[in-house]
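K.L.:
Below you'll find the structure I mean.
Quick note: the coordinates plus some simple rules give every number you see, no bench work behind them. From a predicted model like this one, the values you see are computed outputs, not experimental measurements. Every residue, glycine as well, gets a Cβ built from its backbone with ideal geometry; the counts of neighbours run over all protein chains shown.
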């Protein structure tokens, strides 16, 4: 008599295993939460676990990941005070084979940056073809962006920028062209799945915030988010500007004279 063939777990069984693994680590998640959540740890842990359950239920590919890797990813994000999935889109759980990897989202980076005592405010936006956008670098830098919010069509995406105002009064900004943003995306393991597929403009904002962070005062939480990110930005070469883009820049500068 032949041996019975073991059947793969059903989605319901797989979800149940993930839920059981998360519940078993509820105490660990509460302990890992940052100090600023003191007094709210139980409620915060409940939100984190519930959001992770929903993320797994909504993304079938996460069911191919081991429950242990999902728990580890949730714990890594909990240590930063971030929720994976949910309406806040602070972070994402992304499957790579049978391993779940945490990816910090744009809103998660902003949340961590706003907790820094050295950063007064930080913002990032995508620039479209019909927006009014200009900037100046040097000893007296400035940046202005007037979105064409009332236009029926704002046109194609040109790039994105991030701007931070420091408590000291200084201003730092970073600008990335669409080619530079896509160069980062194309080097990411998540380029065809996860947030690059579902929330592309959010990932553009997040990418330019990450680039800006190199020039901002450091904080442990931001360092943690920067370190865990899997977008491989630091290994991506900057794309060269095309002749057309360079000529357009020269023409614009000549018009200012």
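K.L.:
Within a 10 angstrom radius of the beta carbon, how do 53, 130, 58, 211 rank from fewest other beta carbons to most?
P.N.:
Numbers: 53 17, 130 14, 58 9, 211 20.
Lowest count first: 58, 130, 53, 211.
K.L.:
What is the distance in Å between the Cα centres of the stretch 28-88 and the stretch 92-148?
P.N.:
The distance from the Cα centre of the stretch 28-88 to that of the stretch 92-148 comes to 23 Å.
K.L.:
Roughly speaking, what is the stretch gain from residue 99 to residue 26, that is 0.36 nm per residue apart minus the C-alpha to C-alpha distance, in nm to one decimal?
P.N.:
On the way: separation 73, 0.36 × 73 = 26.28 nm, distance 2.03 nm.
Extending this stretch completely gives an extra 24.2 nm.
K.L.:
With the convex hull built on the Cα atoms of the stretch 1-137, state its orientation-averaged projected area in nm².
P.N.:
Over every viewing direction, the Cα hull of the stretch 1-137 projects on average to 13.0 nm².
K.L.:
What ranking of 203, 228, 117 emerges when the number of other C-beta atoms within 10 Å of each C-beta is taken as an exposure proxy, fewest first? Each step should come with its number before you reach the end.
P.N.:
Numbers: 203 26, 228 17, 117 8.
Listing 203, 228, 117 from fewest to most nearby Cβ atoms yields 117, 228, 203.
K.L.:
Then there's this: If I take every Cα pair under 8 Å that is 6 or more residues apart in the stretch 11-104, average their sequence separation and divide by the length, what percent do I get for the relative contact order?
P.N.:
29 percent
K.L.:
For the stretch 47-169, calculate the relative contact order in percent as a whole number, restricting contacts to Cα pairs under 8 Å that are 6 or more residues apart.
P.N.:
Values: 195 pairs, mean separation 23.8, N = 123.
Relative CO of the stretch 47-169 lands at 19 percent.
K.L.:
When a footprinting reagent is the concern and you count Cβ atoms within 10 Å, what order do 216, 109, 143 take, fewest first?
P.N.:
143, 216, 109
K.L.:
Sticking with this one: Given the alpha-carbon gyration tensor of the stretch 75-183, what are the semi-axes of its equivalent ellipsoid in whole angstrom, ordered largest first, with each equal to the square root of 5 times an eigenvalue?
P.N.:
Over the Cα atoms of the stretch 75-183, the ellipsoid semi-axes are 28, 21, 13 Å.
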